[in-house]
Amino acid sequence: MAARTYRNYGECRAAFERLCTDIGKLPGAVHHTAAGSGWVWRLRDGTGGVVAVSSRAYERHSTCQAAYERFRALLAELGSGGAIPWDDAE
């Protein structure tokens, strides 16, 4: 889930494409929720700003960590293929 808002579709799409391309350079980690009763993950940009967050809290650290690793792997796979298959009708 995006941690930022975008003015329009094009801006959001460009940010997602950068996220896929730059995933290997972006730090992130699993953290306790603000209430401390679960786990969430956050992905940060080079300046430390949050760019993506888990869409929900997880009960167990290991489940959250696995979801975080799958998310990173998916972005890396999308970013390594050159063009992201948007399925645009052109």
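The values are calculated or read from the model by the stated rules, or taken from the named source; none is laboratory data. Just so we're clear, the structure is a prediction, and the values are computed from it rather than from any experiment. Positions of Cβ are generated from backbone atoms using ideal geometry, with glycine treated the same way; all protein chains shown enter the neighbour counts. Please note that ligands, DNA and RNA were not included when accessible areas were found on the heavy atoms of the full protein model with its side chains. Shrake-Rupley method; radii C 1.70, N 1.55, O 1.52, S 1.80 Å.
Before moving on, here are some points about what is shown:
- Relative contact order %, segment 1-72, counting alpha carbon pairs below 8 Å whose residues are six or more apart: 29 percent
- Extending 7 Å from Cα along the Cβ direction at residue 55 and again at residue 31 yields two label points whose distance is 2.1 nm.
- Accessible area (Å², per residue) of the chain, counting only protein heavy atoms and a probe of 1.4 Å: 67 Å²
- Exposure check, 1.4 Å probe, all protein chains in place: residue 47 carries approximately 130 Å² of accessible surface.
- Distant-in-sequence amide H partners of residue 38 (H built 1.01 Å from N, under 5 Å): 33
- Derived scalar couplings between HN and Hα for segment 36-53 equal x, 10, x, 10, 9, 10, 9, 10, 10, 8, x, 8, x, x, 6, 10, 8, 9 Hz in order, rounded to whole Hz, by the Karplus curve 6.51 cos²θ - 1.76 cosθ + 1.60 (θ = phi - 60°), x for Gly and Pro.
- Fraction of accessible area attributable to carbon and sulfur, the chain (%, probe 1.4 Å): 53 percent
- Helix 61-80 vs. the chain, principal-axis angle (Cα, 0 to 90°, nearest 10): 10 degrees
- Computed E for residue 70/residue 17 - FRET, C-beta separation, R0 22 angstrom, nearest 0.05: 0.65
- Under a 5 Å amide H cut-off, with hydrogens placed 1.01 Å from N, residue 44 pairs with 28, 51 among residues at least 5 apart or on other chains.
- For the chain, the Stokes-Einstein estimate of translational diffusion at 25 °C and a viscosity of 0.890 mPa s comes to 175 µm²/s, using the Kirkwood hydrodynamic radius over alpha-carbon pairs.
- Its Cα centre serving as origin, the chain has a Cβ charge dipole (Lys and Arg +1, Asp and Glu -1) of approximately 440 debye.
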